[in-house]
Amino acid sequence: MRASKFVESYFDAWNHADPKGVADHLAEGGVYVDVPENARRSHDELIDNLSKFFASNRHRYELIGDVLKSPSSIAFQYYAHPIDDAATGHSSPAYTGAEFMTIDGDHALTIADYYEVPALSNTSKYAKSGLRKEQMRKYKDRLDNIMVSERAYLRPDITLPSLAESVGCSVNHLSQVINAGFEMSFFDYLNRHRVQHAKQLLAEHNGQADAILNIAFTVGFNSNSAFYAAFKKHVGMTPAQFRRAKIA
């Protein structure tokens with residue numbers, strides 16, 4: 001199955017509050033990993049968990065940006081819009097997240113879900129993680145070195161698991177380092193470095209300035225639209241406006 005069709009089917013199951021539909025995307029023996037909860041769930045365990053979740057939480061799930069894919073993996077970011085319960089007036093909180101899947105044929109061997117719910121403080125969210133302050137500083141320094149010196153952000157296929165492997169820590173600990181240590185999501189942290197590099201390239205006015213689309217791909221983005229959205233979020237203006245301001 002093509003990655004786009006797989007993700008479309010996966011979102012459709014979530015948007016129809018269909019626990020079995022979501023779980024059926026797992027291969028036999030596949031595992032769904034809820035990273036913030038540090039929980040691993042089999043097909044049947046996921047159905048039971050999602051049945052309870054959907055009973056009290058209703059959202060509309062939307063893809064953010066592009067689906068990153070390789071022959072054996074899929075990664076994407078999503079936004080969960082709350083849907084009001086007309087009977088109770090209850091509204092679940094909005095949240096963002098990212099999922100990384102390893103794929104075998106038409107099913108996922110693993111689905112790792114990373115999400116950030118505003119109602120959960122960074123302190124309570126990671127209360128049981130076991131990451132000490134000294135380890136946090138060590139991982140932050142190592143992460144900064146990888147991002148600044150090695151420019152890992154230039155890799156368009158970079159994922160949280162692959163970055164955790166480079167840092168030498170667990171995925172959950174790296175998620176904590178970024179969320180609590182830098183107070184931003186993985187995608188915002190990654191895009192902050194990409195946008196900073198793009199600003200340097202956009203500011204060059206030696207008569208050989210690259211096209212904006214070329215710069216987007218150069219700094220690691222997979223599409224012009226994702227680049228523009230991230231740039232405007234971090235800088236407050238579009239790449240074209242930034243370039244005009246710098247070369248005026």
**OP:** Inspect all residues belonging to segment 52-70 and state whether any of them is open to solvent by less than 50 Å² (accessible area, probe 1.4 Å), farther than 27 Å from ASN191 by Cβ, part of a helix (DSSP H, G or I) and at pLDDT 90 or above.
**Re:** no
Original post:
Pairs, please: C-beta under 8 Å, at least 6 apart or cross-chain, first residue within 22 Å of ALA55 (Cα to Cα) and modelled with pLDDT under 80 and in segment 90-119, second hydrophobic (A, V, I, L, M, F, W, C) and open to solvent by 20 Å² or more (accessible area, probe 1.4 Å)?
Top reply: SER91/ILE83; SER92/ILE83; PRO93/VAL117; PRO93/ALA119; PRO118/ALA94
**OP:** Could you check how many residues of segment 154-171 are open to solvent by 20 Å² or more (accessible area, probe 1.4 Å) and part of a helix (DSSP H, G or I)?
**Re:** 6
Original post:
Can you name every residue in segment 208-248 that is in contact (Cβ under 8 Å) with a residue 40 or more places away in the chain and part of a loop (DSSP other than H, G, I, E, B)?
Top reply: VAL219, GLY220, PHE221, ASN222, SER223
**OP:** Among the residues of segment 139-153, write down those that are open to solvent by 30 Å² or more (accessible area, probe 1.4 Å) and assigned to a helix (DSSP H, G or I).
**Re:** LYS140, ASP141, ARG142, ASP144, ASN145, VAL148
Subject >> Those residues of segment 225-248 which are at pLDDT below 85, exposed (fewer than 14 other Cβ atoms within 10 Å of the Cβ) and either within 20 Å of ALA75 (Cβ to Cβ) or of a type in the set (S, T, N, Q) (or both), in sequence order >> reply: SER225
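The values are calculated or read from the model by the stated rules, or taken from the named source; none is laboratory data. Source: prediction; values computed, not measured. With ideal geometry, Cβ positions are generated from the backbone for all residues, glycine too; neighbour counts draw on all protein chains shown. Note: accessible area is taken over every heavy atom of the protein model, side chains too, but ligands, DNA and RNA are not part of it. Shrake-Rupley method; radii C 1.70, N 1.55, O 1.52, S 1.80 Å.
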